[in-house]
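A short write-up of the structure that comes next.
The values are calculated or read from the model by the stated rules, or taken from the named source; none is laboratory data. Computed from a predicted structure; not experimentally measured. Here the Cβ positions follow ideal geometry from the backbone for every residue, glycine too, while neighbour counts run over all protein chains shown.
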Amino acid sequence: MLGALKDLLAGLVFIAFGLAFGYASLGYDIGSALRMGPGYFPLFLSGILTVLGVVILVQGFFQTEESPIGPTPWLALVLLVGALFIFGFTVQGLGLVPSLMITVFMSAFASRHTGVLGAIALTIGLTLVCVLIFVYGLGLPLRLLGPWLDF
Amino acid sequence: MELFANLGLGFETALSPDNILYCFIGVLLGTLVGVLPGIGPTATIGLLLPITFNFEPVSALIMLAGIYYGAQYGGSTTAILINLPGESSSAVTAIDGYKMARQGRAGPALATAALGSFFAGTVTTLILALFAPPLARVALQFGSPEYFSLLVLGLLASIALAHGSVVKALAMIVLGLLLGLVGQDIYTGTPRFTFGQFELYSGISFVSLAVGVFGVAEILRNLEHETIRTVAVKHVSGLWLSKDDFKRIIAPVLRGTAVGSVLGILPGGGHVLAAFASYSLEKKVSKEPEKFGTGAIEGVAGPESANNAGAQTSFIPLLTLGIPAHPVMALIIGAFIIQGITPGPNVVTDEPELFWGIIVSMWLGNLFLVLLNLPLIGLWVRMLTIPYRVLFPAIIAFASIGTFSIHLNAFDVYAIAVLGIIGYVLVKLDCEPAPLLLGFVLGPLLEEHLRRAMIISRGDPMVFIERPISAGLLLAAAIAVVIAILPSVRRKREEVFQEED
């Protein structure tokens, strides 16, 4: 066994972020300690992050205790992320009501306990509540039906 | 007396009909999100930030503060009735509170929690009124080197209090700092880490980060093991305390308030630690420590007072120094900035109405909370029966609309999704998200003060050690890290957090 998988992965994630930010920092003016350029502080932090990542990685190798990562709700992940992207993509074109309905309907299925009827009821209910709160209550300037639906 | 004049001004502000209403809405929402497991005040305040754009600054801040301390009350209701902490700080309350509920003593447990919290809230409101202004005067003398050291202290102290690996917490802070630097450099205007995306020139949206990491990641976490909650106690009766109960809780409430007031000022979720510390303390001083864990009323009274005291004193560093003690305070700083007010020592003198209004509103809010929580307990019990599968699509819907409406920009909504995935991966690898958000907020400030200090000192880093206040702060920061790493302290820390399970 390689040691604690969680720590190994966490270490790699931090090293990756550290190297990526560090590489990007090199593209900016570093300057000197007296007159720091835009790259100075990020480069310094990236160095620290990379070192911390290495420490976590090494600790992971010597860690004998197993810590299982546990299940990942893949379907929920895809549905929720998809729902957010679809909202962002359609809210101006389709308008708030249709866009929100798609978003809620999709995210409802992220739960294993929700069936089609439940999802429909939730979609109608939540859309109604949101429109009442955000559009009528708070007066946000959002179109209920967007230009994509104009015929 | 200056204090009375100031409090008078505070009452005048807080008691305007509008502000009473906002305070009430705040604590009502706070109780609601506190009661419902799976939604915390961090995500809620993040979601409501955009809505407060159009409010008066005082009203906005009164409401947001109300959500925060209101959640402390609500969280304990859930802990007592269904053995699930609605809020991380009420995790300890569940130990003895739930046992009491099982024994048919849910009423006294809830009453203890509410009364203890109210007492703590009243005392800490006074502490805030007494100590914040002199502290702010001291802070006015701070230059950039002192601010830099203070920020370092704040960041490092937050890891001493977080649970889990110290190195991972440090890495999360640094990652947060780096994410905070995304956007245009303040001195030269150079866009950094923007991938040419125009939307990133003004930085990663604070709301997207908070909602992604504390909202979406948390939902995914909860969906890993979907369980259907059962409410054991459907009917709560006998909300009053017997004379004996009352006598037993006085000392724990006083001690809890003291512990909470001190720990709340410290950065990094002081109110959570305060609750744990108070529980350990009560167990230690008790003549019958074996009773703890079987439904001891002291085990509810102490931690509940402590977490509410801590929730309130954590406003001290915010109002006097402009430095957040934990993620919720970081969001409230965001609210100040949105309103065009720079949080810090100047707030007391420049915006006395705002400053004293918030303080007095806290006392008023605590009063509302006792009224909301005791007579209306039946309503909250019914709230607990709302299943999670209804709640999380609502969170997603609110998150999308709320975030989109800030700049009417879809980019911020995409950012929630991306940051949510990053947050979920990190949480899954046992990296706590709170230090990340703290680092994110403080990153730009830290860089600004570092650069300014280096210009003042002509590039000599010794400036941080040569100035006495700065040196003292850095020393305290070093001590915080050493303490966190010491093996004996680590064991103790794990022990304290173990009680959570």
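Residues that are over 18 Å from B:G402 (Cα atoms) and modelled with pLDDT of 80 or more were ranked within segment B:37-57; the one that is farthest from the other protein chains (Cβ to nearest Cβ) is B:P57.
All of (1) in contact with a helix residue (DSSP H, G or I) (Cβ under 6 Å, 6 or more places away or on another chain); (2) more than 17 Å from B:G260 (Cβ to Cβ); (3) not aliphatic (A, V, I, L, M) hold for B:T93 with one exception: (2).
Can you pull out every residue in segment B:94-104 that is basic (K, R) and either surrounded by 23 or more Cβ atoms within 10 Å (Cβ to Cβ) or under 22 Å from B:G365 (Cα atoms) (or both)? Once the filter is applied, which keeps residues that are basic (K, R) and either surrounded by 23 or more Cβ atoms within 10 Å (Cβ to Cβ) or under 22 Å from B:G365 (Cα atoms) (or both), segment B:94-104 yields nothing. A:L8 fulfils the conditions (1) closer than 18 Å to B:G423 by Cα; (2) not in a helix (DSSP H, G or I) except for a single criterion, (2). If you filter segment A:109-132 down to residues that are hydroxyl-bearing (S, T, Y) and more than 7 Å from chain B (Cβ to nearest Cβ), you find that the one that is farthest from A:A76 (Cα to Cα) is A:T127. Scanning segment B:174-218 for residues that are at the interface with chain A (Cβ under 7 Å from one of its Cβ atoms), touching a helix residue (DSSP H, G or I) at 6+ places or on another chain (Cβ under 8 Å) and among the β-branched types (V, I, T) yields a total of 2. Annotation note: of A:A4, A:A20, A:A83, the sole residue that is within 30 Å of B:A410 (Cα to Cα) and either in the same structural domain as A:F134 (by TED's automatic domain parsing) or crowded, with 18+ Cβ neighbours inside 10 Å (or both) is A:A83.
In segment A:50-64, is there at least one residue being under 30 Å from B:P393 (Cβ atoms), at the interface with chain B (Cβ under 10 Å from one of its Cβ atoms) and not hydroxyl-bearing (S, T, Y)? No, segment A:50-64 contains no residue that is under 30 Å from B:P393 (Cβ atoms), at the interface with chain B (Cβ under 10 Å from one of its Cβ atoms) and not hydroxyl-bearing (S, T, Y).
Taking helices (runs of 4 or more DSSP H) as the structural unit, those lying wholly within segment B:14-93 and holding at least 3 residues that are surrounded by fewer than 21 Cβ atoms within 10 Å (Cβ to Cβ) correspond to B:17-35. In this entry, A:G11 is excluded by the filter for residues that are under 24 Å from the mean Cα position of the chain (by Cα), assigned by TED's automatic domain parsing to the domain that holds A:L144 and crowded, with 20+ Cβ neighbours inside 10 Å.
Here B:L408 fulfils each of the conditions (1) at pLDDT below 85; (2) closer than 26 Å to B:Y68 by Cβ apart from (2).
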